[in-house]
Amino acid sequence: MSRILVRPSGPLAGTVPISGAKNSVLKLMAATVLAEGRHVLHNVPNILDVDSMSELLRSMGMSVERTGGHDLTIDRPAVVTPEAPYELVERMRASIVVLGPLLARFGQARVALPGGDDFGPRPIDMHLKGLEQLGATFSFAHGYIEARADRLTGANILLEYPSVGATENALMAAVLAKGVTVIDNAAREPEIADLASFLNRMGAQVLGAGSSTIQVEGVDDLTAVEHTVIPDRIEAATFLAAVGVAGGELTLQGARADHMDMFIEKAAEMGMRVSPTADGLWALAPERLRAVDVATLPYPGIATDYKPLFVALLAVADGVGIVTENIFSGRFRYVDELVRMGADVRTDAHHVVVRGRAQLSGAPVRAPDIRAGAALVVAGLRAEGQTEVLGAEHIDRGYEGFVEKLAAVGADVTRD
Ligand code: EPU
């Protein structure tokens, strides 16, 4: 098991290049199932989840190759094996987004049911309901969903909740359905708009992605295209949190301020100065931030993925802050790890109360998931002695060169 070692650091200074968005590229890769031929994706991050999705596409008979540092060339043959095996879905839940494209293009799919995880139960009922409204039928056996459909037909889909994955599955199925589909109460995340622009480039007719109502006019066929992935707003937020904890001044090259307005607003309330530049974001953090309250909500609210970062920021801020989780029922496991580092954090149902301390105390801790792992590294920047973050491979699922990027701006971080 690999680990990251962190020692007290700061002030940070310099420029961090922000990679392509994990939660966009995985869906774009799934969308390539929709069109035969050669697709090229640019700005693809070098992360384990991209390797997992590549493996899934290859297991279906597609060819996926890194052609240059951040380019991915995907060839979709005329026919694929429409199946997502358990070992791959279990490794990465996002694999479930191949269901919509497989059904739309091949009329059938066999996809392993994803289980729960550290975030609590993660049902896919809304994914299935949306696809059912387009005419799909499902049966369940031996831990797999077997889905069938003759040509899907456009329908009005009203999502009970603006689920990111359910919106993406419905959208990718609707582009090849016969007639018009309207997805209401759709998720509004920038990654959905990126997916829609990729689909439109392929020849789809999608309007309104990025708003709560997405309208899709089905087409008969799509063509393979090239596309550049949007920057990762969660990675950008992670580096803003790093400078917030350690102090200093950073430029985040390629970050999009308009994708992270609420994070920037909260960071400003805490005492940071953040402003857009021609090609990214600039941030200045004082010696110590002020505490604020934060509640997670679907976009454009504060992303649940930002939450561990806010808890780390508050752990060393001046004052008391309450963080409320409204998206997932779990996702608090890292709190116990932060407490082992001397943080004063109390959990009560879906709230955490954080009383800031001037400094934490380095300790061995375990990364429970991608974002919480990154937050533990960030917290270590203001922990006396050495913090040893075990399970660094969780961080590798979603961050390219995390340790190298931090070290390049002056953080005392190494990997072994
Ligand atoms: N939900 C249901 N039924 C469904 C689908 C979702 O009850 O059919 C519930 C979930 O259990 C959860 C809530 O709805 O309580 C939100 O889930 P959503 O479907 O929006 O999330 P997701 O698509 O599974 C994506 C990101 C997550 C991010 C969430 C929320 C990807 C690959 N994952 O997950 O990112 O936390 O949206 O914004 O896009 C990460 O990057 O590390 C990560 C976990």
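The values are calculated or read from the model by the stated rules, or taken from the named source; none is laboratory data. This is a predicted model, so every value here is computed, not measured. Positions of Cβ are generated from backbone atoms using ideal geometry, with glycine treated the same way; all protein chains shown enter the neighbour counts.
Of note:
- Residues in segment 189-204 that are outside any helix (DSSP H, G or I), in contact with a strand residue (DSSP E or B) (Cβ under 9 Å, 6 or more places away or on another chain) and surrounded by fewer than 20 Cβ atoms within 10 Å (Cβ to Cβ): there are none.
- Matching option when the condition is of a type in the set (Val, Ile, Thr), within 25 Å of residue 221 (Cα to Cα) and within 12 Å of the ligand (Cβ to nearest atom), among 79, 111, 97: 97
- Against the test of being closer than 22 Å to residue 197 by Cα, of a type in the set (Val, Ile, Thr) and within 16 Å of the ligand (Cβ to nearest atom), the options 73, 167 yield a single qualifying residue, 167.
- Scope segment 114-157; condition part of a strand (DSSP E or B), more than 16 Å from the ligand (Cβ to nearest atom) and among the charged types (D, E, K, R); matching residues: 146, 148
- Residues in segment 278-306 that are within 16 Å of the ligand (Cβ to nearest atom) and outside any loop (DSSP other than H, G, I, E, B): 294, 295, 296, 302, 304, 305, 306.
- Hey, residue 268 crowded, with 22+ Cβ neighbours inside 10 Å, over 18 Å from the mean Cα position of the chain (by Cα) and in a helix (DSSP H, G or I) or not: no
- Just so you know, in segment 158-175 the residues that are aliphatic (A, V, I, L, M) and either touching an Asp or Glu at 6+ places or on another chain (Cβ under 7 Å) or in a loop (DSSP other than H, G, I, E, B) (or both) include one that is surrounded by the fewest Cβ atoms within 10 Å (Cβ to Cβ), and it is 158.
- Within segment 118-138, if we keep just the residues that are at pLDDT 95 or above and of a type in the set (Gly, Ala, Ser), the residue that is surrounded by the most Cβ atoms within 10 Å (Cβ to Cβ) turns out to be 130.
- Within segment 106-117, the set of residues being at pLDDT 95 or above and either among the polar types (S, T, N, Q) or more than 25 Å from residue 175 (Cα to Cα) (or both) comprises 108 only.
- Residue check, residue 406 touching a strand residue (DSSP E or B) at 6+ places or on another chain (Cβ under 6 Å), more than 16 Å from the ligand (Cβ to nearest atom) and of a type outside the set (S, T, N, Q): yes
- Contact annotation: residue pairs with Cβ atoms under 6 Å, 6 or more positions apart or on different chains, pairing a residue in segment 261-286 that is among the small types (Gly, Ala, Ser) with a partner that is buried (at least 21 other Cβ atoms within 10 Å of the Cβ) and assigned to a strand (DSSP E or B), are 267/274; 280/252; 283/250; 283/274.
- Count of segment 311-339 residues, restricted to those that are farther than 18 Å from residue 365 by Cα and either in contact with a helix residue (DSSP H, G or I) (Cβ under 7 Å, 6 or more places away or on another chain) or of a type in the set (Val, Ile, Thr) (or both), is 8.
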